[in-house]
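Participant: Mind having a look at this structure? Questions to follow.
The values are calculated or read from the model by the stated rules, or taken from the named source; none is laboratory data. Quick caveat: nothing in here was measured; it's all calculated off a predicted structure. Heads up, the Cβs are rebuilt from the backbone with ideal geometry, glycines too, and the neighbour counts pull from every protein chain shown. To get the accessible areas, we keep the full protein, side chains included, count just its heavy atoms, and leave off ligands, DNA and RNA. Shrake-Rupley method; radii C 1.70, N 1.55, O 1.52, S 1.80 Å.
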Amino acid sequence: MAQWIWKFGEFEIYHNMLVHTRRQQYGHPEPVVWKLYMPEPVVCFKKQVTTQGGIFYVHACGDPSVTVVKADGTEVKYGGKTQIPLEPGTALVTIRVGNIKTFPALYVDGVIETDGTWLADDMTQDWQAAGTWDVFDGPEKTPEIFTFAYERLAEGQREQAEGGVLFDYGRETFARIKITGLSQEKVAVRFGESREEAMDPAWCVIRFEDAPEDGCLAYEPYAFRYIFVSDPNARIQAEYEFLPLERKGSFKSGDPVIDQVWETAAYTFHLNCREFFLDGIKRDRWVWSADAYQSLFVNRYLFLDPEIEKRTLIALGGKRPFKAHINTIMDYTFFWIISLYEYYKTYGDKKFLEQMAPQMKEIMDFCLERTDEDGLIRGREGDWIFIDWAPMDKTGALCPEQILYAKAMECYAAICRVIGISDRQLGEKAKKLQDLVFEKFYDPQLKVFIDSYESGNKNVTRQTNILAYLFLPCTKEQKADIYERVILNPGVRQITTPYFKFYENQVHCQAGQSGILEDSIRSYYGSMLDTGATTLYEEYDPAMEGVQHYAMYGHPFEKSLCHAWSASPIYLLGCYRLGVQNTGIAYDTFDVRPDLGNLTSFSGTVPVPGGEVRVWANAHEIRVWTNVSGGTLYAGGQAYPLSPGETAAVSR
């Protein structure tokens, strides 16, 4: 079947450019704050074909020019013709496409067809396999327009409000709207995640004031639960826009709070799965590397969709030359490299690593060039040294940056081994950097890691020690010290964002503290839902009241009330309660280690490549069923090999 093709990465680069230049804020455009990359204006596609002869038809995003070289070396140029004859035998078909408006793409059908076996080049003689996506399988389905699904929404509950009318759609959504019945010359329209935001003319983040045409206004999709319209006669037609992903994972425990949090997390996450993994569906609608890293794990326990992972990683990686950290953030560059190896471990997709190899090398070289003589990496002008929204001692070399850098080098070296290229001793460099972290940042008196050795302050934070616990080869004794002296220590400043709770909860689970996960979910997310939340917030402080919950970054409604990183309970419950964990490549081996925590029972499904794993557990029995090989159930100190199509049952 014929498919649209393009130079690998250009589809993602183009749509990434659109995503990051469409943000609206306080009535004006708000372009992205980091480097964007543009598609190539001219791309050449080629393939050697053997046919019985016939006609092929050329469709292009842009202007095509066709050349056919016959087996005897005769070259025939067809210029911009779209119906091309082929004589029987072998020929080299070359088609150049120029496009300065969107990006060059090609669709050929007839006696020959375009697909992933074609090669593409940006006129530099650097031929690579063309990029494709199987949803673009017809001449009318051009890749210039990203494919979404649409669903008509019932009009929101309508109420007269001061200065106009307010529509309540019951829960947050993302939809394009058409407003009819308008009679005012200028109409104010405000999209709010909360009632208070929609009613605030000064601080509503997404707002417009426009002149209707024939009594109508139409808007591209935005996030909202509430819409305020200044014309009291307004009627709204809304269409929910979404990526049609199949929900493959599930979790039920009978605990109403835990189950509601899981369902809300699934809905929250789906809203943020679009062209790429977005951070939040309202305020930014941007792609951040460390947010995406966490989204990879949630996706694998909910949708297991490799395509959105690939699109996101391609978009974040940008193009050559690479001159600034991803999202301007040093740690986000490291998370990108780590994410690539995590992708491979999940799907076993060696071809994708080979396609990404040139950009991986470009980015790894960028990092190595910015490494100081002592082997540590420090922030330079323009770099954002982030890690988390927390006060840290960032004097000189910051410990968690070195931890992530070493892990990135380790992952890059592993990728190089997979695709058969020299890793330039990066594995050894990663080990040397890890040793340097223990030498410079591990305090033998405190028995934990400090943020900075250069300041002399010996500042201890949860963030630094959590990353050390998860990414460094710490001994069991060192991990026990970190857990006791930092994670369980109320004197160490608490984490306030779901972003780093993702990592802290992993530490709790790996440390064997069974009930802390559920307690954390109930107290944090449960009380968030008690405020009336229909999706999960970017940040939540139970001590706040009313509209305080919506404020962030110094503005009353800038907090994202639908944020992807808050969907981590999907991953945590699937990995540490259902207990399904990949231990090989593409789950060729995997463990099932069910843990009730402080639940009385649960059941659920975890998708894996080629199938699924279903787990049931209560105080008396564990049952596991899967339709793939390679699994082992661990229960009661015993290992039970899993056979595809059979249920393993173990009494407690």
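Participant: Based on alpha-carbon positions alone, could you give the equivalent ellipsoid semi-axes of the stretch 1-122 from the gyration tensor, as √(5λ), descending, whole Å?
Facilitator: Each semi-axis is the square root of five times an eigenvalue, giving 36, 12, 12 Å.
Participant: Would you list the P(r) distribution for the stretch 331-411, with all Cα-Cα distances sorted into 5 Å bins from 0 and each bin expressed as a whole %?
Facilitator: Pairs per bin, as whole percents: 3, 13, 24, 24, 15, 11, 7, 3, 0.
Participant: Roughly how big is the chain's charge dipole about its Cα centre, with Cβ charges of +1 (Lys, Arg) and -1 (Asp, Glu), in debye to the nearest 20?
Facilitator: Taking the Cα centre of the chain as origin, the dipole is about 940 debye.
Participant: Using unit Cβ charges (K, R positive; D, E negative) and no other charged atoms, how large, in debye to the nearest 20, is the dipole of the stretch 170-274 about its Cα centre?
Facilitator: So the dipole magnitude of the stretch 170-274 works out to roughly 300 debye.
Participant: Could you point to the residue in GLY181, GLN294, GLY280 farthest towards the positive end of the chain's charge dipole, with +1 and -1 charges on the Cβ of Lys/Arg and Asp/Glu respectively?
Facilitator: Sorting the options by dipole projection puts first GLN294.
Participant: Counting other Cβ atoms within 10 Å, which trypsin sites (Lys or Arg not before Pro) in the stretch 98-177 have at most 11 and lie in a DSSP loop?
Facilitator: LYS101
Participant: Hey, another quick one. For the stretch 390-445, would you read off the P(r) tail past 12 Å as a percentage of all alpha carbon pairs?
Facilitator: 67 percent
Participant: Here's something else I'd like to know. Under a Cβ-Cβ cut-off of 13 Å, what is the net charge of the residues other than PRO212 that fall near it, where Lys and Arg count +1 and Asp and Glu count -1?
Facilitator: With Lys, Arg at +1 and Asp, Glu at -1, the neighbours total -3.
Participant: Would you work out what percent of the accessible area of the chain, with all protein chains in place, is carbon or sulfur (probe 1.4 Å)?
Facilitator: 48 percent
Participant: Continuing with this model, one more query. Could you tell me the center-to-center distance, by alpha carbons, between the stretch 369-422 and the stretch 513-549 in angstrom?
Facilitator: Here the two parts' Cα centres lie 33 Å apart.
Participant: Pull up the cross-link candidates among the aspartates and glutamates for LYS282, meaning alpha carbon to alpha carbon under 14 Å and not fewer than 8 places away within one chain.
Facilitator: GLU30, GLU172, GLU193, GLU197, GLU220, GLU241, GLU538, GLU558
Participant: Strictly over 31 Å apart at the Cα level, which of LYS345/LYS458; LYS310/LYS559; LYS81/LYS310; LYS310/LYS458 would you flag in this model?
Facilitator: Beyond 31 Å between Cα atoms: LYS345/LYS458; LYS81/LYS310; LYS310/LYS458.
Participant: Charges on Cβ only, +1 for Lys and Arg, -1 for Asp and Glu, centred on the Cα centroid of the stretch 294-342; of PHE303, ILE329, TYR341, which one is farthest towards the dipole's positive end?
Facilitator: ILE329
Participant: For the stretch 1-139, what is the relative contact order in percent, using Cα pairs closer than 8 Å and at least 6 residues apart in sequence?
Facilitator: Working: 332 pairs, mean separation 52.8, N = 139.
Normalised by residue count, the contact order of the stretch 1-139 is 38 percent.
Participant: Which one of TYR550, CYS474, ASN505 is farthest out on the positive end of the charge dipole of the stretch 438-563, using unit charges on Cβ (Lys, Arg +1; Asp, Glu -1) and the Cα centre as origin?
Facilitator: It is CYS474, whose Cα lies furthest towards the positive end.
Participant: Along each principal axis of its Cα atoms, how long is the chain end to end? Whole angstroms, biggest number first, please.
Facilitator: Result for the chain: principal-axis Cα extents of 78, 69, 58 Å.
Participant: Another question about this same structure. Within the stretch 245-314, which GluC sites (Glu not before Pro) sit in a loop by DSSP and count at most 15 neighbouring Cβ atoms inside 10 Å?
Facilitator: Sites meeting the loop and neighbour criteria: GLU246.
Participant: Next question. With +1 on each Lys and Arg Cβ and -1 on each Asp and Glu Cβ, and nothing else charged, work out how big the dipole of the stretch 233-306 is about its Cα centre, in Debye to the nearest 20. Walk me through the numbers before you get to the answer.
Facilitator: Numbers: 9 positive and 11 negative charges, 17 e Å.
Value, rounded to 20: 80 debye.
Participant: Which lysines, if any, have their Cα less than 17 Å from the Cα of LYS178, not counting same-chain residues under 8 positions apart?
Facilitator: LYS186
Participant: Cut-off under 18 Å on the C-alpha distance; same-chain residues fewer than 8 positions from LYS70 excluded. Which aspartates and glutamates are left, in chain and number order?
Facilitator: GLU87, GLU113
Participant: With every protein chain present, what is the per residue accessible area of the chain (1.4 Å probe, Å²)?
Facilitator: Accessible area per residue: 40 Å².
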